[in-house]
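Scroll down for the structure; my scribbles are underneath it.
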Amino acid sequence: MTLKVTIVGVGLIGGSFSLALQAVGADIEFTGCGRNEDSLLRAVDLGIVTRYSTSVTEAVAGSDLVFLATPVGAMEAVLAEVAQVASPETIITDAGSCKQSIIGAARRQLSHMENFVAGHPIAGTEHSGVEAGFATLYRDRRVILTPQSDTSAQAIETVRQLWIQTGAQVEEMSAERHDKVFAATSHLPHLLAFSLVETLYRMEQREELLRYAAGGFSDFTRIASSDPVMWRDVCLHNSEAVLESMANLREGMDALVDAINAGDGKRIEGLFKIAKDTRDTRILAKPQQTNPQQNEVSEGGPEPEPSPEKPQ
Ligand code: NAP
């Protein structure tokens, strides 16, 4: 029987979910939902969804599964509307980058929490919007599910199987651990990239600096082209773990400042050597670097690589 899936937020993540499942011939009918009708019409043109509505309740009514892929800050309001029309059997899942906050919102809004399966694909690019999706985004990438003790095993299995069909490998972890791990490995590098570019912009000689900010600077800061709204929401909804990671970064920067101030070349070299060895042996050596279109470490990821091709 054809599965009816509604994607709320037909952008990079939501669009790629549909394209990936369609690419393997999954028997699914996709409905799109968002605020902007032009984007939804484009989603129909691109074959991402067959029908759409700008009303969450209208789009979700009659769905077997709802996939939430809006920015994290929009999720609670969307969940409140989903709750009005979802049946007790409707499975609701999400792709948001912060898990504890979204699970809290789901608990406040949903009357059938057992069918809510929180998830986060560790895949992405710095592009966003309906045009950004592509069918291979999730191939060989991880998807983290953070089910709760009251989540139904059947709902988890349904969501797991869908992700597996996209080519992803599914893992489970607690929402708390998820938020700490991705604050350090994904959220921190994005904030660093945004902050680095903004720092250059603030400097008096910015015109000259920006003229020379190609090459390494451009590579390193690629992910500062990511969507400001999405990353604002990540900061606000995973603030504790993000702030903890930023404090660790500050400690590292202070150690470097002290070593440079002291003219302590041995210490500077020691810090750099730890970083190089760790990256060469523990990060680059990971087996998952098989998809040349994108990166290992999450949303946009800190590793500079070519942008993905857009769908034809
Ligand atoms: P995106 O490309 O900007 O897509 C988000 C979509 O949500 C847009 O198409 C937008 O369409 C819709 N939207 C925004 N606010 C809305 C609202 N209030 N109600 C309904 N729809 C709304 O963003 P994305 O990169 O796909 O990210 C989506 C989610 O996935 C976020 O929660 C993010 O944390 C998570 N995530 C992102 C990445 C990544 O690398 N980008 C990776 C993993 C997880 P309209 O403008 O038409 O409303």
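The values are calculated or read from the model by the stated rules, or taken from the named source; none is laboratory data. Just so it is clear, the model here is predicted, and its values are computed rather than measured. All Cβ positions, glycine included, derive from the backbone under ideal geometry; neighbour counts span all protein chains shown. Side chains included, ligands, DNA and RNA excluded: accessible areas come from the protein's heavy atoms. Shrake-Rupley method; radii C 1.70, N 1.55, O 1.52, S 1.80 Å.
Label-to-label distance for Arg267 and Glu157 is 5.8 nm, based on points extended 7 Å past Cα in the beta-carbon direction. A 1.4 Å probe run over the protein chains yields, for the chain, 50 Å² of accessible area per residue, whole-number rounding.
Span-like helix check, the chain: qualifying full DSSP H segments, with Cα axial length of 24 Å or more and mean Kyte-Doolittle of -0.5 or more, are 239-261. Charge dipole (Cα centre; +1 on Lys/Arg Cβ, -1 on Asp/Glu Cβ; no other charges) of segment 3-173 amounts to roughly 220 debye.
Restricting attention to the chain, the count of lysine pairs at 8 or more positions apart or across chains with alpha carbons under 30 Å apart stands at 13. Taking the Cα centroid of segment 6-67 and of segment 163-181, what is the distance between the two, rounded to the nearest whole Å? Answer, in whole Å: 22. Spherically averaged projected area of the convex hull of Cα atoms, segment 1-78: 4.7 nm². State whether segment 3-173 is rounded, prolate or oblate according to the following rule on the C-alpha gyration tensor (a ≥ b ≥ c being the square roots of its eigenvalues): a/c under 1.5 gives rounded; otherwise a/b larger than b/c gives prolate, and the remaining case gives oblate. Rounded is the answer for segment 3-173, as its axis ratio a/c remains below 1.5. What is the sum of charges, Lys and Arg at +1 and Asp and Glu at -1, for the other residues whose Cβ falls under 10 Å from the Cβ of Leu79? Local net charge: -1. Its Cα centre serving as origin, the chain has a Cβ charge dipole (Lys and Arg +1, Asp and Glu -1) of approximately 360 debye.
Between Gly124 and Asn295, Gly300, the built amide H atoms are under 5 Å apart, and every one of these is 5 or more places off in sequence or on another chain. Highest-first packing order for the peptide set 227-238, 272-283 is 227-238, 272-283, based on the mean count of other beta carbon atoms within 10 Å. Net charge near Thr146: determine it from the other residues with C-beta under 11 Å of the C-beta of Thr146, scoring Lys and Arg +1 and Asp and Glu -1. After counting each charged neighbour, the total is -3.
Kindly provide the helix-only [θ] at 222 nm of the chain, computed as the sum of -39,500 (n - 2.57) over DSSP H runs of four or more divided by all residues, to the nearest 500 deg cm²/dmol?
My calculation for the chain gives -14000 deg cm²/dmol from helical runs alone.
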